[in-house]
Amino acid sequence: MATRAILTAKLLQARDLSDRTKHLEFEVPHLERFEFTAGQFVSMKAEHEGREITRAYSIASAPRDDNTFDLCLNRVEFGFFSNYLCDLNDGGEVRFHGPHGYFVLHQPVRDSIFIATGTGIAPIRGMLHWLFADPERHEGRQFHLVFGSRFTADIYYHAEFTELTRRFENFHYLPTLSRAGQEWSGARGYVQQHVRPIAEGRGDMNAYICGLKDMVVANRTQLLELGWDKKSVIFERFD
């Protein structure tokens with residue numbers, strides 16, 4: 001088995017997406033360009049209590065013409081690695097290997113539904129940035145993002161996705177909240193409720209689903225019951 005190359009990522013900057021979620025921007029100093037496919041993940045490594053810990057995090061950006069990539073992650077109570085990364089200072093370094101993973105856009109690109117909850121939005125953000133960076137990748141096709149959260153504060157990258165709807169008529173963004181307060185005037189409930197009207201009678205589309213297991217299973221099951229080919233339902237679970 002080939003030895004995985006261990007690289008170093010240096011934190012360029014971090015910003016809060018909510019009181020427990022951060023957007024982190026890294027560079028890989030010894031590479032001129034860090035190559036990956038939108039939707040893939042990296043495996044971060046660190047020493048903790050005398051042993052090496054490894055955790056996988058989806059890349060939250062599209063590949064760029066440089067050596068940078070983004071992550072989006074929640075602090076996990078009593079969890080070592082998420083707090084370790086969220087507490088890094090600018091210039092702090094972490095070892096990793098990758099990219100890895102097959103949760104990527106299928107080619108040729110078709111009309112697609114992107115379904116995410118929580119930080120499951122990370123790889124999908126990268127896919128959308130890649131698609132809309134070049135007209136040849138998206139023109140003539142329709143793209144729907146159904147993004148579910150509990151509260152308004154958890155709708156990560158909301159301004160970005162809203163701006164995409166303003167710029168591109170073929171991008172349709174539907175955030176939905178399962179625990180919305182009275183101030184929320186948008187969609188309510190779970191993502192699968194809002195996916196069904198888009199997916200019915202549309203077996204010619206692809207679906208990309210990312211989030212916790214129960215959400216992924218519910219949406220995958222629903223799409224298969226609607227007659228979709230299982231090869232058209234691409235998913236990644238955060239168990």
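The values are calculated or read from the model by the stated rules, or taken from the named source; none is laboratory data. Please read these numbers as outputs of a predicted model, since none were measured by experiment. Glycine also receives a Cβ, built like all others from the backbone with ideal geometry; neighbour counts cover every protein chain displayed. The protein model used for the area step is the full one, side chains on, heavy atoms only, and it has no ligands, DNA or RNA in it. Shrake-Rupley method; radii C 1.70, N 1.55, O 1.52, S 1.80 Å.
Considering each residue of segment 140-152 in turn, at least one proves to be closer than 29 Å to Asp16 by Cβ, among the hydroxyl-bearing types (Ser, Thr, Tyr) and open to solvent by 50 Å² or more (accessible area, probe 1.4 Å).
Candidates are the residues of segment 194-223 that are in contact with a Gly (Cβ under 9 Å, 6 or more places away or on another chain) and within 19 Å of Ala38 (Cα to Cα); the one that is surrounded by the most Cβ atoms within 10 Å (Cβ to Cβ) is Ile209.
Of the residues contained in segment 111-127, none is found to be over 21 Å from Ala14 (Cβ atoms) and either open to solvent by 40 Å² or more (accessible area, probe 1.4 Å) or basic (Lys, Arg) (or both). If I filter segment 133-154 down to residues being touching a strand residue (DSSP E or B) at 6+ places or on another chain (Cβ under 7 Å) and of a type in the set (A, V, I, L, M, F, W, C), which single residue comes out as nearest to Gly181 (Cα to Cα)? It comes out as Phe151.
Against the definition (hydrophobic (A, V, I, L, M, F, W, C) and either out of contact with any strand residue (DSSP E or B) (no Cβ under 9 Å at 6 or more places or on another chain) or without any contact (Cβ under 8 Å) to a residue 12 or more places away in the chain (or both)), how does Phe78 come out, yes or no? Criteria met by Phe78. Please go through segment 88-110 and pick out each residue that is open to solvent by less than 10 Å² (accessible area, probe 1.4 Å) and either part of a loop (DSSP other than H, G, I, E, B) or over 16 Å from Ser58 (Cβ atoms) (or both). Of everything in segment 88-110, just one residue is open to solvent by less than 10 Å² (accessible area, probe 1.4 Å) and either part of a loop (DSSP other than H, G, I, E, B) or over 16 Å from Ser58 (Cβ atoms) (or both), namely Phe103. Scanning segment 224-239 for residues that are open to solvent by 50 Å² or more (accessible area, probe 1.4 Å) and either closer than 12 Å to Leu105 by Cα or part of a helix (DSSP H, G or I) (or both) yields Leu224, Glu225, Lys230, Lys231, Phe235. Listed by first and then second residue, the pairs linking a residue in segment 217-230 that is among the basic types (Lys, Arg) to a residue that is exposed (fewer than 14 other Cβ atoms within 10 Å of the Cβ) and in a helix (DSSP H, G or I), with Cβ atoms under 7 Å apart and 6 or more places separating them unless they lie on different chains, are Lys230/Leu224. Taken together, the criteria exclude Val191 from residues that are touching a His at 6+ places or on another chain (Cβ under 7 Å), open to solvent by less than 60 Å² (accessible area, probe 1.4 Å) and closer than 23 Å to Leu73 by Cα. One residue stands out among those in segment 35-80 that are surrounded by fewer than 19 Cβ atoms within 10 Å (Cβ to Cβ) and hydrophobic (A, V, I, L, M, F, W, C): the one that is nearest to Tyr102 (Cα to Cα), which is Ala56.
Among the helices (runs of 4 or more DSSP H) confined to segment 119-217, the ones with at least 3 residues that are at pLDDT 95 or above and under 14 Å from the mean Cα position of the chain (by Cα) are located at 121-131, 158-167. In this structure, Leu85 qualifies as outside any loop (DSSP other than H, G, I, E, B) and either over 30 Å from Trp228 (Cβ atoms) or open to solvent by less than 20 Å² (accessible area, probe 1.4 Å) (or both).
Each residue in segment 169-188 was checked for being open to solvent by 30 Å² or more (accessible area, probe 1.4 Å) and either hydroxyl-bearing (Ser, Thr, Tyr) or within 28 Å of Ala133 (Cβ to Cβ) (or both), and 7 pass.
Could we say that Asp70 is assigned to a strand (DSSP E or B) and either in contact with a Gly (Cβ under 6 Å, 6 or more places away or on another chain) or among the acidic types (Asp, Glu) (or both) here? Judged against the criteria, Asp70 is a match. Among the residues making up segment 100-148, a single one is within 11 Å of Cys210 (Cβ to Cβ) and charged (D, E, K, R): Arg125.
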